[in-house]
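Novice: Take this structure first; my questions come after.
The values are calculated or read from the model by the stated rules, or taken from the named source; none is laboratory data. These numbers come from a predicted model, not from an experiment. Because the Cβ atoms are built from the backbone with ideal geometry, glycine has one as well, and the counts that use them run over all protein chains shown.
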Amino acid sequence: MRVRFAPSPTGHLHVGNARTALFNWLLARGQGGTFILRIEDTDRERSTKESEQAIVDDLRWMGLQWDEGVEVGGNYGPYRQTERLKNYADHAARLIAEGKGYYCFCSAEALDAQRKAQLAASLPPKYAGTCRNMSPADAAVRRANGEPAVIRLRVPDSREVAFTDVVRGLVTFHTDVIGDPVLVRSDGIPAYNFAVVIDDEEMKVTHVIRGEDHISNTPRQILLYEAFGYTPPAFAHLSLVMGPDHAPLSKRHGATSVREFREKGYLPEALVNYLALIGWSPGHNEELLPADELARRFRLENVAHSAGIFDEDKLAWANRHYLKLCAPDRLAQLAEPYLRVRGQIVGALSDAGRAWLEHVLPGMAASVDRLPQLADRLEAVFLEPGAPLENEPGLPEVAAALAAELADGLRLVDKDTFRAVAGRVKDRTRLKGKGLFHPIRVILTGAAEGPELDLIVPAIDRAADLHDAGLAAVASCQERATLAAKMLA
RNA sequence: GUCCCCGUCGUCCAGAGGCCCAGGACGUGGCCCUUUCAAGGCUAAAACACGGGUUCGAAUCCCGUCGGGGACGCCA
């Protein structure tokens, strides 16, 4: 089994395309097949090297490594269409020689006018066949005169073209609704329908898995396979991913590209897992599974027929799950850039600084949706000394008691020490429960809400004793308490 | 306009003629946990688009209607 993902490098990797890539990958991985990455860069106006690089990077980020293709090579390359021009030219010549293709001299303007007129008359827009019956000799003369021409496929009249879609079943088209498609543009660059067929054939692709928007291209491609005498691969068309308003997922719905989700702080395994759940189910009422297990269970036959709506809430849920599974060192690595933009990390991180992060982050990650929110949870650590405190009953008494308890420089470096001190503050103030802990929270963290005190308090005092760790300045609990006691006195 | 695809809770899926007065998950409500906000646990409400068939029996098969999407390009 050989499958391929064949993006055109004309922009970022859209999550819909990412899902197509994923389904190809799942199938190949699950069945021991080969996953190919081919770049369809025949649109010279819009294709860019930057887009190609971005797509390649995003696929790698998602962990969808390909076995053959751009950057990794393989036995059926090159894997970039603009590097395969010779292959297309040979095939085009063959079609012309056999009369299965013909030159068309109609100008783009003329075709455009024709199309508009047909639409206005409520007719299906379709190439009228103006040049269809021109003799090869006439065509040769006009070409010799330097007239620009495209090559079109001669679509047979009054025939059915059918294929069995692996996800949908039998799909039938009538050739009368298909206009002769352009195979080769006037500049000699192949058009999509032509290049895919040749490449899929030459790369020995066995299963073409792509978006539903390609379903109406399929009969044209099948006709081409027939013209060449090739056996068509199996086709599987995936339904599209829509926005909450059932319109195609676009920027006005928010993030649409893999890159954006990555920057928003989603983990690749969460995106992958969530995307797999749109239009497919691993079964057994299970949803959150590692990619290799998804691959093991994946069957094209079980893919849903109807469009799916992208639900960021559910993505966030998956992300929460994977954030909790994330190893401390990776978590620290992932969080670092977000902490840096917030000014929480200011220099090169020392080993001690990194150790501090790895110690404190997992606790914070347990209650957060996305990476940047880790910085929100850490805000309390980097509280500006003397910053205004939220009002809370009992503040002056508790501040005084806390300051007294910490006066000898005791550091609340772990949960037990903190609890012991809290207990003595309790004795001094005779406050308890919320009446005690709320003021402590406000004095030490500045706010009435935030991470658990058992987590955040030790994090503060451990960081306060770190020097040249790369972290922003951290005031110790002692400093906080004495300052607060003074302010509130 | 023509052709093609699709139609189970708000959303994503399960369901391949009786196991379904329809199951799970996200979200929503409630309760619990709790020194806060969350997180977590439990729980509730919530759907077979409509109309005809076929059948002893239909969410499951057929037809039609309606609704949604896609395609009709020298874009892919």
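Novice: Go through (1) over 25 Å from A:HIS253 (Cβ atoms); (2) within 9 Å of RNA strand B (Cβ to nearest atom) and name the single condition A:PRO362 misses.
Specialist: Answer for A:PRO362: the failing condition is (2).
Novice: For the condition within 16 Å of RNA strand B (Cβ to nearest atom) and of a type outside the set (Lys, Arg), what is the one hit in A:ALA332, A:ALA316, A:ALA291?
Specialist: On the way: A:ALA332 fails: within 16 Å of RNA strand B (Cβ to nearest atom); A:ALA291 fails: within 16 Å of RNA strand B (Cβ to nearest atom).
The match here is A:ALA316.
Novice: Which of the residues spanning the range A:82-134 are among the charged types (D, E, K, R) and closer than 20 Å to A:LEU224 by Cβ? Walk me through it before giving the result.
Specialist: Narrowing the range A:82-134 to residues among the charged types (D, E, K, R): A:83-84, A:86, A:90, A:94, A:98, A:100, A:109, A:112, A:115-116, A:126, A:132.
Result: A:ARG84, A:LYS86, A:ASP90, A:ARG94, A:GLU98, A:LYS100, A:LYS126, A:ARG132.
Novice: Could you please find all residues in the range A:163-198 being within 7 Å of RNA strand B (Cβ to nearest atom), surrounded by fewer than 16 Cβ atoms within 10 Å (Cβ to Cβ) and within 16 Å of A:ARG44 (Cα to Cα)?
Specialist: Scanning the range A:163-198 gives a single hit, A:ASP187.
Novice: Considering only residues that are more than 41 Å from the chain's Cα centre (by Cα) and among the hydrophobic types (A, V, I, L, M, F, W, C), which ones fall in the range A:74-103?
Specialist: Selection gives A:ILE96, A:ALA97.
Novice: Still on this structure, please answer the following. List pairs: first residue in the range A:301-317 and farther than 30 Å from A:LEU170 by Cα, second residue assigned to a helix (DSSP H, G or I) and within 6 Å of RNA strand B (Cβ to nearest atom) anywhere in the structure, Cβ distance under 8 angstrom, at least six positions apart or on different chains.
Specialist: A:LYS314/A:LEU277
Novice: While we're looking at this one, here's another question. Looking at A:ASP408 and the list (1) more than 30 Å from A:ARG340 (Cα to Cα); (2) surrounded by fewer than 17 Cβ atoms within 10 Å (Cβ to Cβ); (3) within 16 Å of RNA strand B (Cβ to nearest atom); (4) of a type in the set (D, E, K, R), which single condition is not satisfied?
Specialist: So the condition that A:ASP408 fails would be (3).
Novice: Here is a list of conditions, (1) outside any helix (DSSP H, G or I); (2) over 21 Å from A:ALA335 (Cα atoms); (3) within 13 Å of the chain's Cα centre (by Cα), and A:ALA276 meets all of them except one; can you say which number that is?
Specialist: Going through the list (1) outside any helix (DSSP H, G or I); (2) over 21 Å from A:ALA335 (Cα atoms); (3) within 13 Å of the chain's Cα centre (by Cα), A:ALA276 breaks only (1).
Novice: From A:PRO439, A:PRO451, grab the single residue that is outside any loop (DSSP other than H, G, I, E, B), within 16 Å of RNA strand B (Cβ to nearest atom) and not aliphatic (A, V, I, L, M). Before you say what the answer is, go through the steps one by one.
Specialist: Working: A:PRO451 fails: outside any loop (DSSP other than H, G, I, E, B).
Selected residue: A:PRO439, the only one of A:PRO439, A:PRO451 that is outside any loop (DSSP other than H, G, I, E, B), within 16 Å of RNA strand B (Cβ to nearest atom) and not aliphatic (A, V, I, L, M).
Novice: List pairs: first residue in the range A:243-262 and crowded, with 16+ Cβ neighbours inside 10 Å, second residue part of a helix (DSSP H, G or I) and aromatic (Phe, Trp, Tyr) anywhere in the structure, Cβ distance under 7 angstrom, at least six positions apart or on different chains.
Specialist: Pairs that qualify, where the first residue is crowded, with 16+ Cβ neighbours inside 10 Å and the partner is part of a helix (DSSP H, G or I) and aromatic (Phe, Trp, Tyr), are A:ALA255/A:PHE261; A:ARG262/A:TRP61.
Novice: Test each condition in (1) over 40 Å from the mean Cα position of the chain (by Cα); (2) modelled with pLDDT of 95 or more for A:ALA117 and report the one that comes out false.
Specialist: With respect to (1) over 40 Å from the mean Cα position of the chain (by Cα); (2) modelled with pLDDT of 95 or more, A:ALA117 is out only on (2).
Novice: Looking only at the range A:302-315, how many residues end up being in a helix (DSSP H, G or I) and surrounded by fewer than 17 Cβ atoms within 10 Å (Cβ to Cβ)?
Specialist: Looking only at that region, the number is 3.
Novice: Within the range A:330-378, which residues are among the charged types (D, E, K, R) and free of Cβ contacts under 8 Å to residues at least 12 places away in the same chain? Before you say what the answer is, go through the steps one by one.
Specialist: Just the residues of the range A:330-378 that are among the charged types (D, E, K, R), to begin with: A:330, A:336, A:340, A:342, A:351, A:354, A:358, A:369-370, A:376-377.
Correct list: A:ARG330, A:ARG340, A:ASP351, A:ASP376.
Novice: Hey, another quick one. Tally time: how many residues in the range A:255-268 are farther than 17 Å from A:GLN373 by Cβ, part of a loop (DSSP other than H, G, I, E, B) and away from RNA strand B (no atom under 14 Å from the Cβ)? Please lay out each step first, then the result.
Specialist: We begin by selecting, within the range A:255-268, every residue farther than 17 Å from A:GLN373 by Cβ; these are A:256-259, A:268.
Of the ones still in play, those that are also part of a loop (DSSP other than H, G, I, E, B) are A:256.
Still in the list and also away from RNA strand B (no atom under 14 Å from the Cβ): none.
Looking only at that region, the number is 0.
Novice: Let me ask something else. Failed condition for A:ARG46, given (1) in contact with a helix residue (DSSP H, G or I) (Cβ under 6 Å, 6 or more places away or on another chain); (2) part of a loop (DSSP other than H, G, I, E, B); (3) surrounded by fewer than 22 Cβ atoms within 10 Å (Cβ to Cβ), with all others met?
Specialist: Going through the list (1) in contact with a helix residue (DSSP H, G or I) (Cβ under 6 Å, 6 or more places away or on another chain); (2) part of a loop (DSSP other than H, G, I, E, B); (3) surrounded by fewer than 22 Cβ atoms within 10 Å (Cβ to Cβ), A:ARG46 breaks only (1).
Novice: Which members of the range A:150-162 meet the condition of being near RNA strand B (Cβ under 10 Å from one of its atoms) and surrounded by fewer than 19 Cβ atoms within 10 Å (Cβ to Cβ)?
Specialist: A:GLU160, A:ALA162
Novice: Continuing with this model, one more query. Using the structure shown, decide if A:GLY129 is in contact (Cβ under 8 Å) with a residue 40 or more places away in the chain and away from RNA strand B (no atom under 16 Å from the Cβ).
Specialist: Working: in contact (Cβ under 8 Å) with a residue 40 or more places away in the chain: yes; away from RNA strand B (no atom under 16 Å from the Cβ): no.
Answer is no for this residue.
Novice: Next up: Identify the single condition in (1) more than 26 Å from A:GLU212 (Cα to Cα); (2) more than 8 Å from RNA strand B (Cβ to nearest atom) that A:LYS324 does not satisfy, given that it satisfies every other one.
Specialist: Of (1) more than 26 Å from A:GLU212 (Cα to Cα); (2) more than 8 Å from RNA strand B (Cβ to nearest atom), only one is false for A:LYS324: (2).
Novice: With the requirement that a residue be basic (Lys, Arg) and not assigned by TED's automatic domain parsing to the domain that holds A:ASP165, what does the range A:216-271 give you?
Specialist: Taking the range A:216-271 first, the residues basic (Lys, Arg) are A:220, A:251-252, A:259, A:262, A:264.
Selection gives A:LYS251, A:ARG252, A:ARG259, A:ARG262, A:LYS264.
Novice: OK, next. So how many residues does the range A:397-416 have that are within 46 Å of the chain's Cα centre (by Cα) and either modelled with pLDDT of 95 or more or outside any helix (DSSP H, G or I) (or both)?
Specialist: Initial filter on the range A:397-416 (within 46 Å of the chain's Cα centre (by Cα)): A:411-416.
Filter again for either modelled with pLDDT of 95 or more or outside any helix (DSSP H, G or I) (or both), leaving A:411-414.
Looking only at that region, the number is 4.
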